[in-house]
Each structure stands twice: as C-alpha cells, then as structure tokens.
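The structure appears below as structure tokens.
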Amino acid sequence: MIRTRTHVGRRITIGGLVPVLAISLSACGALGGESESSASDGTVTVWQYYGDEQMPTGKPLYDALEAYDAENDDVKVKIRFIPFEDFNRTLQQGAAAGEGPDVALINAFDTQQMADAGVIEDISDQVEEWGEQDAYYSTSWETTQVDGKTYGIPHVADDYALYYNKDVFEAAGLRPPATWDEMESTAATLATNVKYGLAVSGREGAEGATGILLRQLAAGGDLATFGDGTGAAALESFNRMVDNGGLSKGFLTWLEDDAKTQFAGGNAAMMINSATYVNILRDEVPDLNWGVAPLPKDKASKSFLSAENLTIGAGTGDPDAAWDLIAHLQEQSVLEEYLPARNKLPARDDVPKAVEDPIRKTFADQLEGAWAPEGDVATHSNESLTAIQEALQATVSGSSSPADAATAAQAKIDGALGS
C-alpha cells in the first residue's frame, strides 16, 4: 500500500547497545537553547553512528539524504558521524549544552532513557497527523513508546536467522533443523564433515549473549526471566553442542563477524547471524552456495529485533523541518531503494519491493513475532545481556552448573532493573 505523506511545516532540503549517561537536562537549560542547527541559516543537522560516506554502512544514508537535498533548495542538512561507542555520551552532552542535533538516529532500545533524560522530543502530535503508525510491525513500533507518548519513528529493522551451507547439507542428506533438538544433532553430525557444525558469537559482552538469548526465547523465556528455568534450559542446550562437537568451545571468543568468517570460509556448516551479513557474503564469497532458514523452534520460534529509531533532538531550531526529513526517509519509494543498499529490513509491512529477495524475505517474515526488550528491560538490556553471556561462559568452562549460572545471571539482571 502506498501512503501519501502529510507535510508538517515547510518543505526543506538537506546536506549491538551502549549504556548512556544519566544526565538531567531540566537543570541545564538545554530545552530552550539553540541546537547545533539554526533555523535562520537553513541548516538541519543529523547525527548518526552508521558510518561516514566512504563506509558501506554509512554511504546509503548519505546517498538518501543527498538525493533529498538535490530535490529542494531552501535548507541544507549537515550530517555528523559519531562512532557507536561514543554516540550516546556525545548526544547527551550536546543536548545538555544546547548544541544537540535536529534529528538523531539512535539505538531503538535507548529510546526510553533518552526520552527520560530530555534528550529527544515527544512527537505524538506529528505522528497523529501523519497517520502511518499502523504500517509498522508492532515490535518495532513499541520501541518508540514511552509512557503512552511517541518519541521516535522506526528507521530500519534487523533480526536473526539460520544461515546454512547448501552443499554441506546436500552431501550429508540433511535439511536445515526446524527444532533446537534437531539443531543439536545436526550440528554434531555436520561437524564430522566440516570443522564446526554451528558458528555463533559468544564473546564477552552483550553481543556474545545473542545466541543464548535466542535459545532462551525459543524455550519460552525472555531477558528479564533468565532464572525461571528457560535460561538453564538454553545453557544446557549450548553446553550439549559443545560436548558433542557441534559447537567449538572457541565460540566464546567470537564476535558476529568472526562467526561470519568461519561460515564464509567453509569451516562452519551453519551460523546464527543477522541480515546484516547477506550483502557481505554475496560480495566476499560469491561462489559459496548458501541459504537461510528461520530460527529453530522449541516452545516457540522467535527472533531478536535489532533496530534504530529516528528522533527529534530536544531544543531543535526547526522541529517542522526535522519532522519533514524523518517522514521523507520513511516514504515507500525511498525505503525500496535504501534498505537493500543498507542491507537492512523494513520496520513496516508495506514495503514489499524491499524484501522481494527470498533471502531477505525469510528474515522479514520473522519480524511480525520478533522479540525486543521494552521499558526498563530495554534501558538495562546491555547489563542484562552481559550477565547472560557470563552465565554462558561459566557453564561452558565448567565453573558452574547451568542452573546455578542462570540463577546468578538473574540476580545481576534483577540488580540492573532495581528489583
């Protein structure tokens, strides 16, 4: 369905989960101050952590903004790239000094904390007039909500699926596992044909918890309930794969990019990873015969949403111009060109041309039921995921039983949530 954008104000032209600082802007006078942009000189600033115009992660956004710039003459957009690890701190410091951006592209799970800190604006009125909120997947849209108000628009989405080497599976006479029990046996069988049955990130920190969280979600749990039995079941499952040879103990040192390297090099028959690696595999190893299957099921089959939201910075010099830019970036024609280039999925369900590729469609089909943290769980997801990775490390190293490791992780999660 093609939607017509409602313009608010005048038409313009333009140029993994990190904890943020607890800065209270109400005491700093930032909300009434001048932002880095100035309505008087026609500049609209956009801050983002994707990359610069030379990077494959940054170039598509620059291209989209430059195309918009070429269509309009009265305003210029100034784009600022801030590395991911520095982004939230820089954004809050800028807002406190009255020098924040007009538009900030933030991690979706930081939305509540940024709203509570006064760093981003309530855009409920603009969204109500716009009228396109029902086009978004419910999980994506929920990340923009804080106390019944809307503080952002989902920009893109990403989730996880099972990559598999078609040649290895065909030689073994196997199909991609549909359940986690099948995953365990399939990984063990294929490890006799290649080096590893399964590759997945397990490295220290939040990223290394993704695989075990996905396993726990399938068991019926979620990030806040790791100690209720589902966490122990997930830890036991991963530990069995290490014991049966399907999963290398070395995965505890792998990032997602390392898992990709093992899969791309033919060392791993399967990997759990996000849609981010679709274009990368096609570019790096064009002769590799691979496919993608939905994540295996247990009590459920759930993927984990990774996403960013477009927000309006507090104290913006021109909120109408900032909103107009955000709405433009969510137009169907823009997303159909931008998303494949950015190697991401639409956060809304009315952009079919962006997922015509059957590989991307497999990822997109999981978005409807994908899981994402909400509220305080989202705010403290980095600490909670780190606690889960520590439980995984303790289990695989043999220093703790799965049940004890899950209990210890739950205590840390409760502490992070203030329970």
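The values are calculated or read from the model by the stated rules, or taken from the named source; none is laboratory data. Since the structure is predicted, the reported quantities are computational estimates derived from the model, not experimental observations. With ideal geometry, Cβ positions are generated from the backbone for all residues, glycine too; neighbour counts draw on all protein chains shown. These accessible areas exclude ligands, DNA and RNA; they are computed on the full protein's heavy atoms, side chains included. Shrake-Rupley method; radii C 1.70, N 1.55, O 1.52, S 1.80 Å.
Of the numbered criteria (1) at pLDDT 95 or above; (2) under 27 Å from ALA378 (Cβ atoms), the one GLU182 fails is (2).
Among all residues of region 135-148, there is at least one that is touching a Phe, Trp or Tyr at 6+ places or on another chain (Cβ under 7 Å), open to solvent by less than 10 Å² (accessible area, probe 1.4 Å) and closer than 16 Å to ALA327 by Cβ. Listed conditions (1) closer than 27 Å to ALA372 by Cα; (2) hydrophobic (A, V, I, L, M, F, W, C); (3) modelled with pLDDT under 95 are all met by VAL119, apart from (3). Per this entry, SER237 is counted among residues that are assigned to a helix (DSSP H, G or I), open to solvent by less than 10 Å² (accessible area, probe 1.4 Å) and touching a helix residue (DSSP H, G or I) at 6+ places or on another chain (Cβ under 8 Å). Considering only residues in region 303-325 that are assigned to a loop (DSSP other than H, G, I, E, B) and of a type outside the set (Gly, Ala, Ser), the one that is surrounded by the fewest Cβ atoms within 10 Å (Cβ to Cβ) turns out to be ASP318. In region 246-302, of all residues being assigned to a helix (DSSP H, G or I) and of a type in the set (Phe, Trp, Tyr), the one that is most open to solvent (accessible area, probe 1.4 Å) corresponds to TYR277.
For ALA104, indicate whether it is touching a Gly at 6+ places or on another chain (Cβ under 8 Å), on the phi < 0 side of the Ramachandran plot, assigned to a strand (DSSP E or B) and not polar (S, T, N, Q). Yes. Tallying residues that are within 24 Å of ASN279 (Cβ to Cβ), open to solvent by less than 20 Å² (accessible area, probe 1.4 Å) and modelled with pLDDT under 95 within region 66-84 yields 1.
Taken over region 85-122, the criterion of being of a type in the set (Val, Ile, Thr) and crowded, with 22+ Cβ neighbours inside 10 Å is satisfied by VAL103, ILE106, THR111, VAL119, ILE120.
I'd like to know if region 34-43 contains one or more residues that are modelled with pLDDT of 85 or more and either surrounded by fewer than 17 Cβ atoms within 10 Å (Cβ to Cβ) or more than 18 Å from ALA307 (Cα to Cα) (or both).
There is at least one residue in region 34-43 that is modelled with pLDDT of 85 or more and either surrounded by fewer than 17 Cβ atoms within 10 Å (Cβ to Cβ) or more than 18 Å from ALA307 (Cα to Cα) (or both).
When residues in region 107-129 are screened for being within 19 Å of the chain's Cα centre (by Cα) and in a strand (DSSP E or B), 1 of them pass. Are any of the residues in region 130-141 in a helix (DSSP H, G or I) and closer than 23 Å to GLY317 by Cβ? Scanning region 130-141, I find at least one residue that is in a helix (DSSP H, G or I) and closer than 23 Å to GLY317 by Cβ, so the answer is yes.
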